[in-house]
Amino acid sequence: MKIAVFPGSFDPITKGHVDLVNRAIPLFDKIIVAVGINSQKKYLFSLEQRLEMLEKVFANDKTVHIGQFEGLTVNYCKDEGARYLLRGLRNASDFDYEKTISQLNHIIGDDLETVFLISQPEYSHISSTIVREIIKGKGNIEPFIPVEIIGQVEL
Ligand code: ADP
């Protein structure tokens, strides 16, 4: 069984994340969208809120599961029996960052393969960081977040 972990902060999940998962569904038997918990990082949404948003968005996708983990992504993949990591690339700075992490994970994760999907042009400007900035500025984030969470989760 081909299992992929899609790790991220999802603070909050955006249309860019959803598009990536939808495009990866035909490639894998199971995709675990997993919230990585980093105690050093400050989040806008609580872990519970982020998990709730993910559950809502992927409620109808049988092959998509929601998870959470602390510590190294490679260890979580091993625990879940996942041989693949899924990540998105929006631009050159994503590439530079992701390249190093992917090479490291391949070594410490016993040949764990990272599968990259290039963001579609209409989503490449979307990031959770931008969405958080718009929330702080009391702007409208509806164009950037999945419809399932509009008005459902307290933003
Ligand atoms: P992290 O804190 O690990 O960067 P994010 O939740 O910001 O977590 O992103 C998780 C993954 O989703 C990353 O691989 C990122 O490149 C990808 N991603 C984020 N936004 C988009 C987008 N708009 N289009 C495609 N991929 C995206």
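Averaged over residues, the count of other Cβ atoms within 10 Å places the peptides 5-11, 25-31, 102-108 in the sequence 5-11, 25-31, 102-108, highest first.
Each label point was placed 7 Å from the Cα along the Cα-to-Cβ direction; for K78 and S124 their separation is 3.7 nm.
When only alpha carbons are used to place a centre, region 34-85 and region 89-131 end up 16 Å from one another. Highest mean packing comes first when the peptides 138-149, 80-91 are listed by Cβ atoms within 10 Å, giving 80-91, 138-149.
How large is the helix-only mean residue ellipticity at 222 nm for the chain, computed as the sum of -39500 (n - 2.57) over DSSP H runs with n ≥ 4, divided by its residue count, in deg cm²/dmol to the nearest 500? Don't jump to the answer; show the numbers that get you there.
Values: 5 runs with 55 residues, N = 155.
Counting only the DSSP helices, I get -10500 deg cm²/dmol.
Over all Cα atoms in the chain, the spread is summed up by Rg and Dmax: 15.0, 45 Å. Our estimate of slack between N22 and I101, defined as 0.36 nm per intervening residue step minus the Cα-Cα distance, is 26.1 nm. In the chain, which whole DSSP H runs stretch at least 18 Å along their own axis (Cα) and average -1.0 or higher on the Kyte-Doolittle scale? The qualifying helices are 92-108. Spin-label pair Q40-E55: with each label point 7 Å from Cα along the Cα-Cβ axis, the two points sit 3.1 nm from one another. Computed from point charges on the beta carbon alone (+1 for Lys and Arg, -1 for Asp and Glu), the dipole magnitude for region 3-150 about its Cα centre is near 320 Debye.
Read-outs throughout are calculated quantities, based only on the coordinates presented, and are distinct from any laboratory measurement. None of the values given here were measured: they were computed from a predicted structure. Glycine also receives a Cβ, built like all others from the backbone with ideal geometry; neighbour counts cover every protein chain displayed.
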